[in-house]
Amino acid sequence: MANTRMSYVAATRQAVLIACAAVGMATFAAAQTTYTLKVSAVGVSVDDGTSYRGTAQVTSDPAGIDCRAELLGDLAPSGVCTTSFPAGTVVNLTAAPLFGGTFNGWTGACAGQELTCHVVMTMDREVATRTIAKTYTLTVRGTGNTFGQVRSVDLFARPSIACSIRGDQTSGTCVTEFPAGQMVWLGREEPVNSIARFIGWTGCGPLSDNSSCRMVMDGPKTVTAGWLAMQVTIGSGGGNGTGTVSGAKNKAGAGAFDCTISKAGASGACSEIWETEPPPRTITLSATPTGNSVFVGWSVGCLDGPCQLPPSNVPNEIVVPFQWNRLEIRAIFDVPTSLVSVFAAGSGSGGVTSNPERLDCVIAGGVPGSDCATLFPRGTATLTADPTGGSTFGGWTGACSGPQPTCALVIDADTHVTARFNAPRPAAELALALLGRLSLSPDEQRQLDRFGNADGTFNLGDLLALIARTGERLSPATTSALMQSQASGAIRRSDGRSQ
């Protein structure tokens, strides 16, 4: 019953339309026999945020209209979007949304949201579709080491890209939504006088070339563009020395290279990128060693292909031509070394150490060990002799001299020193010295005191400490004499006072 009623209503509506058309024909046939029907698209955003930027294919019955109704700015939609029909014709227009869009009704001579509308050609008519587009995100990213811009080439009334790039950093409109199915055309721009090399595009479609990137938005897209400028970076060549590398930057207001090199690496103003044309077209870098270092040489690495640097007549300078390369120039500083050898004299024992800590020489019974010769950086060092086991230090000969256990050594070539360690006196002799029957030099008394209680004098406590160290035994007569002298206060200290 319901279907019968709907059929009746549709038939009645069609009859009314035909009747109106007949009246229209009777009224206006004498003036005009055809009228123009034009189909377009609405491409605006409304207050609720809806954006009618979608595409619909509109066809007519009777045939004549076959129009791809989409927003193209000042350009007309594609296909047959305008044609003439006889006066009084009832034209049935049907819209089919494309690219996943949603049809949202008609405006103009048609109204409502049905996919099909009816237009009676009693005058020139114009209709427009409203299609909500499905959108995909286009993201522009950067690469390289310098700057440029990516912009939309087409100026249609649709979203646009205006993205500024510096290396991997971007700013501006670099991410936006485009209607599904839309062709997007991007171009690149470099600043005036830019000498950067465009690396190229990634993520573009088959119609792209070096200057432009084109793609159809059939899904989310990511496009990468970048520029590469000449970059010079100064690094350490791994030597043991230190120094600086300097050179004028051929770029107005950019200052100068001032890079400090050590074994650990490089610090300071050690890198620069050339983005615009600088006069002249070369950079001269100079290496200056510091301290007791010497400059050994340069090594060069080109990160973007082979490169050959021109020779320089100055050994510590390098001339860098202006090329499309990223260069790492490594300066090598080293410290010359000399062999320092320690020999032994005397029959005593002891050790010789150094500052800086490179030498740890052990001498036992007048024989030096295996660690008594090593390389030192040229400059200065301090050697210290330390007698052991009751021995006493008897002084230096060779590059060091004198009786003091510490020696300041100047190293400018292979050097040798001799340390004399005297074997310890027998405990019986030292006991006689305490009893006043044998004399000891002030220096020997000072050294013997160091092995005992180190109170500034050689006394009975120092002798007992030495006996405990060496395991010697005193004769009963000597022991008795020491005991009696101590009891009577006759044992004298090295300063002449009673013990």
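Rounding to the nearest 20 debye, state how big the charge dipole of region 337-422 is about its Cα centre with +1 on each Lys and Arg Cβ and -1 on each Asp and Glu Cβ.
On the way: 3 positive and 6 negative charges, 28 e Å.
Charge dipole, region 337-422, about its Cα centre: 140 debye, nearest 20.
What net charge is computed for the residues neighbouring residue 327, neighbours being all others with C-beta under 13 Å from the C-beta of residue 327, Lys and Arg scored +1, Asp and Glu -1?
Values: positive: 326, 330; negative: 272, 304, 328.
Computed value for this residue: -1.
Would region 135-228 count as rounded, prolate or oblate if I go by the C-alpha gyration tensor, calling it rounded below 1.5 in a/c and otherwise prolate when a/b exceeds b/c, oblate otherwise?
prolate
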| message | Over the Cα atoms, compute the radius of gyration (one decimal) and Dmax (the largest Cα-Cα distance, rounded to a whole number) for region 114-180, in Å. | response | 19.9, 66
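Charges only on Cβ, +1 for Lys and Arg, -1 for Asp and Glu: so what's the dipole of the chain about the Cα centre, in debye to the nearest 20?
On the way: 34 positive and 38 negative charges, 88 e Å.
In debye, rounded to 20, the chain gives about 420.
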| note | Sorted by chain and number, the residues with a modelled amide H under 5 Å from that of residue 400, at a separation of 5 or more or across chains, are 418
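For the chain, what does -39500 (n - 2.57) per DSSP helix run (n ≥ 4), summed and divided by total residues, give at 222 nm, in deg cm²/dmol to the nearest 500? Mind showing how you got there, number by number?
Values: 5 runs with 69 residues, N = 499.
Value at 222 nm, helices only: -4500 deg cm²/dmol.
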| request: Please compute P(r) over all alpha-carbon pairs of region 337-422, binned at 10 Å starting from zero, and give each bin as a whole-number percent. | output: 21, 58, 20, 2
| request: Mind checking which aspartates and glutamates have their Cα closer than 15 Å to the Cα of residue 134? Skip sequence neighbours fewer than 8 apart in that chain. | output: 70, 177, 218
| What is the set of long-range amide H partners of residue 124 at a cut-off below 5 Å, with H atoms built 1.01 Å from backbone N? | 36
| message | Among 42, 483, 266, whose Cα projects farthest towards the positive end of the dipole of the chain, with charges put on the beta-carbon of Lys, Arg (+1) and Asp, Glu (-1)? | response | 483
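Read the figures in this text as sums done on the coordinates, not as results from a lab. Computed from a prediction, not measured in an experiment: that's the story for all the values here. Reconstructed Cβ throughout: ideal geometry from the backbone, glycine too, with neighbour counts over all protein chains shown.
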